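Contents: one structure, followed by commentary.
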Amino acid sequence: MNQGVEHWTWKRIDVDESPASHNTRRKHFAILRLTCKLWKDIGETQHHTFPDLFSGQLHSLFDKRRSVTGSERAKRKQKAFGHFITVELLLADPRVDPSACDNEAIRQATSAGHERTVELLLADERVDPSAKNNEAIRLTAHRGEDGAVQLLLADQRVDPSVLLADDQVDPSARDNEAIRKAAARGRIEVVELLLSHPLVDASARDNEAKRSAVEKGHTRVVQLLSDIY
């Protein structure tokens, strides 16, 4: 009698309705909505640059004019992953120019401390992190975004001397991270420059700078540090 009739079996699916899960879904939806809007703009416009598609968004994404500290900064950095995805998608479109507006993208991303986005932009050969007299590293250092500062110092196009020329910048911040990272990456000119500053201690963390240089095979840096310590 029931031949040929499909039988449906209903199963209960438990959904996590906790506040944390709800907030996560909301964040994912916000990222998806922003990404879809940007791609819609791409589809409706014939000529695209960062001013058209992205520079306007950077002001709301990175909000470099607003000074924040502590927990608020931590919350902002949590949102940075969504911005990273958006930037990654836009960079995949050949019509998008990340160097537009005198490299506004890298300048705003660094000053906001969005390190993953900074890495992504620095990997694009069209981006110039030294634009506007090395504004990126100067503003980033002023805002205390040390992680982004280290990424900029590792880039050959950035002039590290601008840091030591500024009395408000401490090159020994975060237990002399600048010289430790510079030595590990073999940037001898940065190591030499940092060593000239009285606050910098290359022996920090049990001579990590020298040990890292030895491990990576940066012989000139090793020799330089050996002459001092």
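The values are calculated or read from the model by the stated rules, or taken from the named source; none is laboratory data. Quick caveat, the model's predicted, so the values are computed rather than measured. Positions of Cβ are backbone-derived with ideal geometry, glycine not excepted, and every protein chain shown enters the neighbour counts.
Below, the figures for the structure above:
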{"quantity": "Answer from Ala148, Ala209, Ala178, Ala141 - the residue that is under 25 Å from Asp97 (Cβ atoms) and aliphatic (A, V, I, L, M)", "calculated": "Ala148"}
{"quantity": "Spans of helices (runs of 4 or more DSSP H) in the range 123-229 with at least 1 residues among the hydroxyl-bearing types (Ser, Thr, Tyr) and at pLDDT below 90", "calculated": "131-142, 161-164"}
{"quantity": "Among (1) over 13 Å from the mean Cα position of the chain (by Cα); (2) at pLDDT 85 or above; (3) among the β-branched types (Val, Ile, Thr) - the single one Ile106 does not satisfy", "calculated": "(1)"}
{"quantity": "Selected residue (criterion: farthest from the chain's Cα centre (by Cα)) from residues of the range 87-98 that are surrounded by fewer than 21 Cβ atoms within 10 Å (Cβ to Cβ) and without any contact (Cβ under 8 Å) to a residue 40 or more places away in the chain", "calculated": "Pro94"}
{"quantity": "Exclusive hit being surrounded by fewer than 17 Cβ atoms within 10 Å (Cβ to Cβ), over 28 Å from Gly217 (Cα atoms) and over 20 Å from the mean Cα position of the chain (by Cα), set Asp167, Asp175", "calculated": "Asp167"}
